[in-house]
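*Asks:* Pasting a structure here, questions to come.
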Amino acid sequence: MSVQIVLFDGFDPLDVIAPFEVFVAGSEYFLDNALDITLVSAEGARDVVSGSQGLRLRATAALDPHRPGIVLVPGASGPVDGDPDEGAETIPVLLARFAATGAMPLIAEAMHNPDVLVAAVCGGSLALAMGGLLEGRNVVTHALGMPLLDATGATAVNARVVDDGDLVTAGGVTSGLDLALYLLDRQFGPRIAHAVEGLFEYERRGTVWRAEGTVPATVPAIPAA
């Protein structure tokens, strides 16, 4: 089973490395190397510059939407404020630029492949939404991007991790740990995820939201004092 983590210019390193470490630990320590974890890019093998002080990671292959497994999309790292007309490469600018690359058709193809689960961390889901891939889907992104996510036609859900079937998304940058642990749980069962949690001395945060079960009743309004 493959795990392809997509790199793009301006990516956030923690969005990549946190899930990478979880999948590697699960595979090497507890799953007899059942996972093939690869850093990929739409352009193929190349050094990719992150948005964090020029830190580079090496993509060793091209994103392949036909490989069964998981395709994981990180968010971007950079300034939040600034005028793009004056050359400020803010996180929304980096995500929009990524959304306009050749990665989006490949990810769209992966999303139509029944053997592929697409996952996104933080601004990764916002990039997919900007690329027109998440209309009508239940998703989450960083808290600062939730209004923009709603504006793209996606349904923004305020949860740590949102499971929408063949699409699983997570919120802010540290939620990449929770996303990867949940995917290990979903694919291989809770004992594997629990073993990795013990190795990392980390316990998953938040509730995984799914569109299942009883719909909560409307919370009554609190009368003014």
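The values are calculated or read from the model by the stated rules, or taken from the named source; none is laboratory data. Computed from a predicted structure; not experimentally measured. Because the Cβ atoms are built from the backbone with ideal geometry, glycine has one as well, and the counts that use them run over all protein chains shown. Side chains are part of the model used for accessible areas, which takes the heavy atoms of the whole protein and leaves out ligands, DNA and RNA. Shrake-Rupley method; radii C 1.70, N 1.55, O 1.52, S 1.80 Å.
*Asks:* What are the ³J(HN,Hα) couplings of segment 174-185, residue after residue, when phi is run through the Karplus curve with 6.51, -1.76, 1.60 and θ = phi - 60°? Round to Hz, x for glycine and proline.
*Replies:* With the stated coefficients, segment 174-185 comes to 5, 5, x, 4, 5, 4, 5, 5, 5, 5, 4, 4 Hz.
*Asks:* Take the chain, mark every one of the GluC sites (Glu not before Pro) that falls in a DSSP loop and has at most 11 other Cβ within 10 Å, then report the longest stretch left between them, sites excluded. Mind dumping the intermediate values first?
*Replies:* Numbers: sites that count: 135, 201, 203, 212.
Segment 1-134 is the longest.
*Asks:* Trypsin sites (Lys or Arg not before Pro), restricted to segment 122-225: which are DSSP loop and have at most 15 other Cβ atoms within 10 Å? Mind showing how you got there, number by number?
*Replies:* Numbers: sites: 137, 160, 186, 191, 204, 205, 210; in loops: 137, 160, 204, 205.
For trypsin sites (Lys or Arg not before Pro) across segment 122-225 that sit outside H, G, I, E and B with at most 15 neighbouring Cβ atoms in 10 Å, the list reads 205.
*Asks:* Just grab the label-to-label distance for residue 28 and residue 212, each label 7 Å out from Cα along the Cβ direction, in nm (one decimal).
*Replies:* Result: 3.3 nm between the two label points.
*Asks:* Quick check: with the 1.4 Å probe, what order do 218, 101, 90 take by accessible area, largest first? Walk me through the numbers on the way to the answer.
*Replies:* Details: 218 125, 101 45, 90 5 Å².
Accessible-area ranking of 218, 101, 90, largest first: 218, 101, 90.
*Asks:* Taking just the alpha-carbon atoms of the chain, what radius of gyration and Dmax come out, in angstrom?
*Replies:* Rg then Dmax for the chain, in Å: 17.5, 63.
*Asks:* Could you give the accessible area per residue of the chain, probe 1.4 Å, as a whole number in Å²? Before the final figure, lay out each step's value.
*Replies:* Numbers: 10880 Å² over 225 residues.
It amounts to 48 Å² per residue over the chain.
*Asks:* Rounded to two decimals, what is Rg over Rh for segment 158-218 when you use alpha-carbon atoms and the Kirkwood radius? Don't skip to the end; give the middle numbers.
*Replies:* Working: Rg = 12.4 Å, Rh = 12.3 Å.
My calculation of the ratio gives 1.00.
*Asks:* Given the -39500 (n - 2.57) contribution per DSSP H run of 4+ residues, what per-residue ellipticity at 222 nm results for the chain, rounded to the nearest 500 deg cm²/dmol? The partial results should precede the final answer.
*Replies:* Numbers: 7 runs with 70 residues, N = 225.
Result for the chain: -9000 deg cm²/dmol, rounded to the nearest 500.
*Asks:* In nm, give the distance between the simple-model label positions of residue 203 and residue 2, each being 7 Å from the Cα along the Cα-to-Cβ direction.
*Replies:* For the pair residue 203/residue 2, the computed spacing is 3.8 nm.
*Asks:* While we're looking at this one, here's another question. Of the beta bridges DSSP finds with both residues in the chain, what % are antiparallel, to the nearest 5?
*Replies:* Beta bridges within the chain, antiparallel portion: roughly 25 percent.
*Asks:* What Kirkwood radius, in Å to one decimal, follows from the Cα pairs of segment 91-155?
*Replies:* On the way: mean 1/r = 0.0850 Å⁻¹.
In segment 91-155 this quantity evaluates to 11.8 Å.
*Asks:* Report, to one decimal in Å, the Kirkwood hydrodynamic radius for segment 1-89 based on all distinct Cα pairs.
*Replies:* On the way: mean 1/r = 0.0719 Å⁻¹.
Result for segment 1-89, one decimal place: 13.9 Å.
*Asks:* Shifting gears a bit: Among rounded, prolate and oblate, which fits segment 1-47 when a ≥ b ≥ c are the square roots of the eigenvalues of its C-alpha gyration tensor, a/c under 1.5 means rounded, and a/b larger than b/c means prolate? Write out the running numbers ahead of the final one.
*Replies:* On the way: a/c = 3.61, a/b = 1.74, b/c = 2.07.
Verdict is oblate for segment 1-47.
*Asks:* Suppose each label sits 7 Å from its Cα in the direction of the beta carbon; what would the residue 47-residue 80 distance come out to in nanometres?
*Replies:* Each label point lies 7 Å from its Cα, and together they span 3.1 nm.
*Asks:* Determine the relative contact order of the chain: mean sequence separation of Cα pairs under 8 Å and six or more apart, normalised by residue count, in whole percent. Present the calculation step by step, with values, prior to reporting the outcome.
*Replies:* Values: 470 pairs, mean separation 41.2, N = 225.
Normalised by residue count, the contact order of the chain is 18 percent.
*Asks:* Using the Karplus curve 6.51 cos²θ - 1.76 cosθ + 1.60 with θ = phi - 60°, what ³J(HN,Hα) values do you get for each residue of segment 77-85, in whole Hz, with x for Gly and Pro?
*Replies:* My calculation for segment 77-85 gives 10, x, x, 8, 9, x, 9, x, 5 Hz in order.
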